[in-house]
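Right, one structure below, let's go through it.
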């Protein structure tokens, strides 16, 4: 097997049944067709030029400074996962041939946790079409392309994993079961794609058509289980196209230098959730539970500002907030007497919308 194939030594968890046995059973049943070595070689050769390696903020304990992405326009638009890696003024993109570009963050969708970057690399770049139709169902053979474990840095090819779609279901994270605010449809994968650096990678079919984007690392501390999944292209197509076609499109435009960057130190009298009257959901996942509002204290600043239960806090004073733990940490830079600006995602009548609130502590 060539070096682009991800080694089982890199896999962080073991599957109940070896993939080869699963695929063999599916082929016997006529659900999956065998793929020749030439077919796989041609597939890899077709997809690799569309993949990129992304490097940004990180480097601390359990904070890798890299992830994956792929081109979605000939003009240099790149789709990837929205994460702390992009939370910096300088994001570097390494192309398949090793050429490096500084990427600009165009916009994000904080609910789907996707981001669109842009590089100035001329036109006619190889890229995926977001509107290609493909018959996707459980047992569909798929290939996942990503820079897991930072295997690729320059012109090395990204890693490739073969698997099948084991289920198509809705993801729910209301009580912090998994670390994502996204609650839509996902492809659950019978391939261990849940590894550092894999987020933002591409999931394709045997013809090289884009099926979806690989999701972030996702672990449930209740069951100690990892979820391998991808966001279907159909779920994110409209948002990505709006971001590309309309520079003024919201959901959210972010200043990557806001928040903790440039702060001199923590406040002498730091702000707390209790002072604001906010109760967030229990932290089921270590350092990764989304900051959903679980309750609001009566006559508190939060209640007076109009914060509601089930609101998902996305930004605090311009700083993106990824977890309950991060929310508490960022509040330590705010004095107890200062106003607090929150941007939340709120579901009203089955529709999610962005709400900006300002909380004024009682003096």
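Below is a table of values for the structure above.
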| item | result |
| --- | --- |
| Least to most buried among 168, 108, 44 (fewest other Cβ within 10 Å first) | 168, 44, 108 |
| Cβ-derived FRET efficiency at R0 30 Å, residue 358 paired with residue 238, nearest 0.05 | 0.45 |
| Gained length - residue 45 relative to residue 168, 0.36 nm times residue gap less alpha-carbon distance | 41.5 nm |
| Gain on full stretching of the segment that runs from residue 104 to residue 279 - 0.36 nm per residue minus C-alpha separation | 59.4 nm |
| Pair residue 209, residue 348: separation of 7 Å Cα→Cβ label points (nm) | 3.9 nm |
| Cβ-based exposure ranking for 237, 94, in which fewest neighbours within 10 Å come first | 237, 94 |
| Added length on full extension, which subtracts the Cα-Cα distance from 0.36 nm per residue, residue 294 to residue 266 | 7.4 nm |
| Label point distance in nm, residue 133-residue 75, each placed 7 Å from Cα along Cα→Cβ | 2.7 nm |
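Coordinate-derived values only; no laboratory data. Computed from a prediction, not measured in an experiment: that's the story for all the values here. Positions of Cβ are generated from backbone atoms using ideal geometry, with glycine treated the same way; all protein chains shown enter the neighbour counts.
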